[in-house]
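Read the structure below first, then the notes.
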Amino acid sequence: MRSAGIRPLIVISLLTALFSTRLQAEEVLGWIEKIQLQPWGVEAKAKLDTGALTSSMHAEDIERFEKNDEEWVRFTVDLEDTESGEQISERIERPLLRDFTAVGAGGRDKRAVVLMTICVGERLYEEQFSLRDRDNMIYPILLGRRTIQHLGPVDVTRTFLSEAQCDTDSELVRFDADDQDPDIGAD
């Protein structure tokens, strides 16, 4: 009789230890983190937004154009580097990955989506970003669920738990269109 009560306690203890070990192995992030945009190393605040599926980045003067028979996007990223306080402005050209229609309280908004590389912690991530003028927003970058799924657990009660420290030897997690969680967009 006594051993029947002990077995569930052993199972619970083992599961707790396994879960704790997994969380310790992955870096826990806060709901706001400082990340770096690559290859420039510009540090910016990013909000980890579980309410957004696709990540979004502040971009101005967005233009579509054709290059080598493909559709491309040219845009300006104008951010304050949070480390130096310096205003950084970069004109960027990227192939158009896809179009995205954001639906919100303000209506429908068609946006270009491009791949950008960011540094979070000690890793580089090539991720999808929709381009939008976010001048009137607190955070110039939102990391949505498609990106968060690669980063690890998020503690929604804390901020700035990670420091972006990437270099040329940092691991790069490449974008893989086939590596999307089928349930990630579920309501």
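Rule-based calculations on the coordinates, nothing more; no lab input. Here the structure is a predicted model, which means the values were calculated and not measured. Because the Cβ atoms are built from the backbone with ideal geometry, glycine has one as well, and the counts that use them run over all protein chains shown.
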Order of Ser55, Ser84 - criterion: other Cβ atoms within 10 Å of each residue's Cβ, fewest first: Ser84, Ser55
Spatially near lysine pairs across the range 27-173, Cα under 26 Å, sequence gap of 8 or more or different chains: 5
Packing rank of 132-141, 117-126, where each peptide gets the mean count of other beta carbons within 10 Å, highest leading: 117-126, 132-141
Sorted by Cβ neighbour density within 10 Å, fewest at the top, the residues Ser89, Ser130: Ser89, Ser130
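Using 0.36 nm per residue, how much length does the chain from Ala102 to Glu27 gain when fully extended, once their Cα-Cα distance is taken away?
The span from Ala102 to Glu27 would gain 24.0 nm if fully extended.
How much length is gained on full extension from Phe175 to His150, taking 0.36 nm per residue of separation minus their Cα-Cα distance? Numbers along the way, then the final one.
Values: separation 25, 0.36 × 25 = 9.00 nm, distance 1.01 nm.
The span from Phe175 to His150 would gain 8.0 nm if fully extended.
With 10 angstrom as the radius, rank Phe65, Phe75 by how many other C-beta atoms surround their C-beta, starting from the fewest.
On the way: Phe65 11, Phe75 23.
By the 10 Å Cβ count, ascending, the order reads Phe65, Phe75.
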Relative contact order (%) - criterion: Cα under 8 Å, at least six apart; region: the range 86-187: 26 percent
